[in-house]
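Notes follow once the structure below has been shown.
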Amino acid sequence: MPSTDAPAPQPHPQEPQSQSWDDRRIEVILGNLLRSGVLLSAAVVLSGACVYLSRHAHEAADYRIFRGEPSEFRTIPGVIHSVLNGRGRGLIQLGLLLLIATPIARVAFSIVGFAIERDRMYVVFTLIVLAILLYSLLGSGLGV
Amino acid sequence: MTVLTFTAVVAIVSFVAGLLGSLTGLGGGVVLVPLLTLLFHVDIRYAIGASLVSVIATSSGAAAAYVKEGFSNIRIGMFLEIATTFGALLGAFLATRIPTSALAIIFGAVLLYSAYLSRKPRPLDQRNLPPDALATRLRMNGSFPDLAGPRSYNVQHVPTGFGLMFGAGALSGLLGIGSGAVKVLAMDQAMRIPFKVSTTTSNFMIGVTAAASAGVYLGRGYVDPGLAMPVMLGVLAGSLFGTRILVKAETKSLRLVFSVVILVLGLQMLYKGFWGKI
């Protein structure tokens, strides 16, 4: 019986693959990577917020009508350009780009983890997920 | 409303949504879009863009805490992410082609379902299930630390779970939410994954799923920096605070209050959607 509720001091011999020591170590590294990425992006968004609010605090906020963002706030080169021009909203978008990149980085690092464990099947699965993520990021107009 | 007042009020509302979402385990994203559209009259497309960004922040921010507990199963997560990211791409693609009133109606239906699910007691974990051939081949079976020592589990019905996860991803991309309710259906009910493993693994997947559609939203100009900034910072702060006080908080009555809020917001979204007011 592979399932048992009895206390077992040793890891289950039937399950050498999942939840092994290597898995745990990789997970801890990835978890910390995610948290650092989020904190970094929050810091960038916050600094952008300071610049933006110091300049536009007393203008009227109106999001009733959808206009769509100009290209400086919806493409990677546009965002970088507006950050270099010292624009607060450009900095906020840069922080949001970092935020989107964080889980993508986690997926990329998982490939390394599965490769170390010589789990080719999961290397392939992870590559598929990474390809979908990169397509969404670069194939949707963000890159140009 | 001036930009300063708007930013402050939206940040406070987002903080409360993030806090309640993490305390009740229902997720804050599901109430954000209705609150922004109904209370602040934000166009639903801007609201979805901002909410999606906050979903990534909560998921990634909580990941480190979840990982420490050692419940999540990265193989189940990664395999199902193929379904959720693909679904999320489809959802984000559809969102740009569907009229906003239809988006509101779908949103209302998802809110009603979430409210129903939050009142229903979770089914007890079924133990000692036989190993499933496909799940074994995919190396999904595992064990997690329980009170009485490590407890192993065997994952069931992988194709059904995969299909449901595709749907969860599509809803996430379409509505800018984490789709926790559908993920519960897929992982708890179909795949019979123990509650602790499914919740933490689902959190781990939500960020990746949301990232797949967030790229499309940002590229299409649906993510406004002035709106996304207070939403993202507020929800992140609220949910991090929530996970910190979770152990001490009395969540049963909170869950009731929150599910009533979800129910009311769902009815409002349906009403506005059907009368074309969104």
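In the stretch A:115-134, of all residues being farther than 23 Å from A:LEU39 by Cβ and facing chain B (nearest Cβ under 8 Å), the one that is surrounded by the fewest Cβ atoms within 10 Å (Cβ to Cβ) corresponds to A:MET121. Scan the stretch B:54-70 for residues that are more than 25 Å from A:ARG118 (Cβ to Cβ), touching a residue at least 60 places away in the same chain (Cβ under 8 Å) and more than 16 Å from the chain's Cα centre (by Cα) and jot them down. Result: B:ALA65, B:GLU69. Condition test on A:LEU39, is it more than 7 Å from chain B (Cβ to nearest Cβ) and assigned to a helix (DSSP H, G or I)? Criteria met by A:LEU39.
So that you can scan it fast, the table gives a plain yes or no per residue for (1) facing chain A (nearest Cβ under 10 Å); (2) within 29 Å of B:PRO121 (Cβ to Cβ); (3) touching a helix residue (DSSP H, G or I) at 6+ places or on another chain (Cβ under 7 Å):
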residue: B:VAL13; (1), (2), (3): no, no, yes
residue: B:LEU19; (1), (2), (3): no, yes, yes
residue: B:THR85; (1), (2), (3): yes, no, yes
residue: B:LEU89; (1), (2), (3): yes, no, yes
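Per the listing B:PRO230, B:PRO150, B:PRO145, the residue uniquely part of a helix (DSSP H, G or I), over 14 Å from the mean Cα position of the chain (by Cα) and either within 13 Å of another protein chain (Cβ to nearest Cβ) or within 23 Å of A:SER41 (Cα to Cα) (or both) is B:PRO230. Condition check for B:GLY178 on (1) of a type outside the set (A, V, I, L, M); (2) assigned to a helix (DSSP H, G or I); (3) more than 8 Å from chain A (Cβ to nearest Cβ); (4) surrounded by 24 or more Cβ atoms within 10 Å (Cβ to Cβ): one failure, at (2). Filtering the stretch B:204-262 to residues that are surrounded by fewer than 24 Cβ atoms within 10 Å (Cβ to Cβ) and polar (S, T, N, Q) leaves B:THR243, B:THR251, B:SER253, B:SER259. Taken as a whole, the structure places B:ALA211 among residues that are out of contact with any Gly (no Cβ under 8 Å at 6 or more places or on another chain) and under 30 Å from A:ARG67 (Cα atoms).
On the stretch given as the stretch A:74-114, residues that are in a loop (DSSP other than H, G, I, E, B) and either at the interface with another protein chain (Cβ under 8 Å from one of its Cβ atoms) or under 15 Å from the mean Cα position of the chain (by Cα) (or both) total 2. Looking at this structure, is B:ARG75 at the interface with another protein chain (Cβ under 8 Å from one of its Cβ atoms), assigned to a helix (DSSP H, G or I), within 18 Å of B:ILE177 (Cα to Cα) and basic (Lys, Arg)? In short, no. Of the set (1) hydrophobic (A, V, I, L, M, F, W, C); (2) surrounded by 24 or more Cβ atoms within 10 Å (Cβ to Cβ); (3) under 23 Å from B:SER14 (Cβ atoms), all apply to B:ILE193 but (3). Answer yes or no: is there a residue in the stretch B:58-68 that is in a loop (DSSP other than H, G, I, E, B) and among the charged types (D, E, K, R). No - not one qualifying residue is present in the stretch B:58-68.
Scanning the stretch B:26-39 for residues that are surrounded by fewer than 24 Cβ atoms within 10 Å (Cβ to Cβ) and touching a Leu at 6+ places or on another chain (Cβ under 9 Å) turns up B:LEU35, B:LEU38. Of the residues B:ALA115, B:ALA104, the single one that is within 14 Å of chain A (Cβ to nearest Cβ), in a helix (DSSP H, G or I), touching a helix residue (DSSP H, G or I) at 6+ places or on another chain (Cβ under 8 Å) and crowded, with 22+ Cβ neighbours inside 10 Å is B:ALA104. Condition (residue is of a type in the set (Lys, Arg), at the interface with chain B (Cβ under 7 Å from one of its Cβ atoms) and surrounded by fewer than 21 Cβ atoms within 10 Å (Cβ to Cβ)) applied to the stretch A:60-73: is it met by at least one residue? Within the stretch A:60-73, one or more residues are of a type in the set (Lys, Arg), at the interface with chain B (Cβ under 7 Å from one of its Cβ atoms) and surrounded by fewer than 21 Cβ atoms within 10 Å (Cβ to Cβ). Considering each residue of the stretch B:202-220 in turn, at least one proves to be assigned to a loop (DSSP other than H, G, I, E, B) and within 10 Å of chain A (Cβ to nearest Cβ).
Coordinate-derived values only; no laboratory data. Quick caveat: nothing in here was measured; it's all calculated off a predicted structure. Positions of Cβ are generated from backbone atoms using ideal geometry, with glycine treated the same way; all protein chains shown enter the neighbour counts.
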